[in-house]
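Asker: Submitted below is the structure of interest, expressed as structure tokens.
What follows draws every value from the coordinates through simple rules; no lab data is involved. Since the structure is predicted, the reported quantities are computational estimates derived from the model, not experimental observations. Cβ sites come from the backbone with ideal geometry, for glycine too, and all protein chains shown count toward neighbours.
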Amino acid sequence: MEKQLKKGKSDEVEAESKKSLERLLKEIHAPASLDDLWPGIQAGSVFQDLVRNWPSWGEPYRERRWEALCREMEKVAYATRPYCLRCGDCCRQGSPTLYVEDRPILRKGIITRLDLLTLRAGEIGFSNATQDLVLLPEERIKVKEKPGGRECLFLESETNGCSIYEDRPLQCRAMECWNPDNFNDLNSQIFLSRKELLNPDDPLIPIIESHTRRCAVSDLQEALSRIKKGFAAAQDEALDILFYDQHLREYLNQEQGIGPESQVFLIGRPISDLILSFGLHIADSDNGITLVQNSQTQHEAIES
Ligand code: SF4
């Protein structure tokens, strides 16, 4: 569609719309055929407006109107298949974020701390609602994803089934691909945080608090953005945060027997990973190590 968005032929857009609807019907295993739905789409005001005015619109407006047509086609297509197929598609696009309402699942031990990951305030996370990257205003507890992708840990790849389906988290129950508005109902829910999952007298709490103070994501981000602007002094600030985080992880591992798989819940993702997500990486230098801005290609590889 990129080509049609740049060029200006109405008939190409019409053909692409039809192909998109055909692809969508296949993807969602809709019982309706293209012939059932296409005449209705063609007669609709969004399509009529799009085809009539496409050549005179600029690219950004074309993009918005094209998205409007795609939303309409999705609505019409999903209306013919208003139920869950257990195809696993949504479970491959990201694991669920947990809400306070999910605590019973943790109490029952269906999901344990080993299955969890903490995204701390200020981190960049993937929003299942908008399917986009967002800066998190407060921490989130998420189910871990399988290495190298966004597939939920509990998705059984061979069967596409959820291994905890009867007790799946609230976000999974609200995720109805045929009814995206259902997701908005979660807006009134409260996100779960680490403090709700730890006893108030847990000896790990002071360690977590100290890590939060010494390795705040906002401080790291500030130092990294100054490095990008060429302030050499910011290297020390960022490296202090990195070294504190590394030493604490070593201490937890060696002295407390808490390995990396539990650490990502207790103190979040390693600072070295966050540095990458903010567009820099660690490189060797004459004095030890230094933080270097990624090339565009490296950045794109990390984002994808
Ligand atoms: S918990 Fe189950 S339903 Fe929810 S995303 Fe994971 S596999 Fe899918």
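Asker: As an exercise, identify the trypsin sites (Lys or Arg not before Pro) in the range 94-169 lying in DSSP coil whose Cβ has no more than 11 other Cβ atoms within 10 Å.
Answerer: Hits after loop and neighbour filter: Lys108.
Asker: Angle, helix 204-214 long axis vs. longest principal axis of the chain, Cα atoms, 0 to 90°, nearest 10?
Answerer: 80
Asker: A further question follows. For the Cα atoms of the chain, what angle does the longest principal axis make with the long axis of helix 217-228, in degrees from 0 to 90, nearest 10?
Answerer: 80
Asker: Once every Cα of the range 19-63 carries one equal point scatterer and solvent is ignored, give the base-10 log of I(q)/I(0) from the Debye formula at q = 0.23 Å⁻¹, two decimals.
Answerer: So the normalised log intensities work out to -0.84.
Asker: Determine the gain in length on full extension of the stretch Asp236-Gln293; use 0.36 nm per residue of separation and subtract their C-alpha separation, reporting nm with one decimal.
Answerer: Roughly 19.0 nm would be gained on extension.
Asker: Measuring from label point to label point, each 7 Å out along Cα→Cβ, what is the Ile124 to Glu27 span in nm?
Answerer: 2.4
Asker: Follow-up. Can you pull the one-decimal nm distance between simple spin-label points at Glu158 and Ser225, each 7 Å off the Cα toward Cβ?
Answerer: A separation of 4.9 nm, rounded to one decimal place.
Asker: Let me ask something additional. Based on DSSP H runs of at least 4 residues, each adding -39500 (n - 2.57), what is the mean residue ellipticity at 222 nm of the chain after dividing by all its residues, to the nearest 500 deg cm²/dmol?
Answerer: -14000 deg cm²/dmol
Asker: Stretched out fully, how many nm does the piece from Asp284 to Asp202 gain, at 0.36 nm a residue minus the Cα gap?
Answerer: Taking 0.36 nm per residue and subtracting the Cα distance, the gain is 25.7 nm.
Asker: Local charge sum around Ile141 (other residues, Cβ-Cβ under 13 Å, Lys/Arg +1, Asp/Glu -1)?
Answerer: So the surrounding residues net to +2.
Asker: Which residues in the range 83-121 place their backbone N less than 13 Å from a point set 7 Å from the Cα of Glu261 along the Cα-to-Cβ direction?
Answerer: Flagged as within label range: 112-116.
Asker: Starting from 0.36 nm per residue, how many nanometres of slack lie between Leu85 and Lys108 once their C-alpha separation is accounted for?
Answerer: Gain on stretching Leu85 to Lys108: 5.6 nm.
Asker: Relative to the Cα centre, what is the charge dipole magnitude of the range 89-195, using +1 at the beta carbon of each Lys and Arg, -1 at the beta carbon of each Asp and Glu, and rounding to the nearest 20 debye?
Answerer: Roughly 540 debye for the range 89-195.
Asker: Another question, then. Simple spin-label model, 7 Å along Cα-to-Cβ: Gln93 to Asp132 in nm?
Answerer: The two pseudo-label positions are separated by 1.4 nm.
Asker: Taking a quarter of the surface of the Cα convex hull of the range 1-140, what do you get in nm²?
Answerer: The directionally averaged projection comes out at 11.3 nm².
Asker: From largest to smallest, what semi-axes in whole angstrom does the chain give when each is the square root of 5 times an eigenvalue of its alpha carbon gyration tensor?
Answerer: Working through the eigenvalues yields semi-axes of 42, 27, 15 Å.
Asker: Okay, next question. Which log10 I(q)/I(0) values, to two decimals, does the range 89-195 give at q = 0.15, 0.16, 0.21 Å⁻¹ under the Debye formula with one point per Cα?
Answerer: Debye output, listed in q order: -0.61, -0.70, -1.30.
Asker: May I pose another question? Can you compute log10 of I(q)/I(0) for the range 198-303 with the Debye formula, treating each Cα as one identical point scatterer, at q = 0.11, 0.16, 0.18, 0.24 Å⁻¹?
Answerer: The Debye formula, applied to the Cα set alone, gives -0.38, -0.75, -0.90, -1.32.
Asker: Among Thr159, Ala43, Ile111, whose Cα projects farthest towards the positive end of the dipole of the chain, with charges put on the beta-carbon of Lys, Arg (+1) and Asp, Glu (-1)?
Answerer: Most positive-ward Cα: Ala43.
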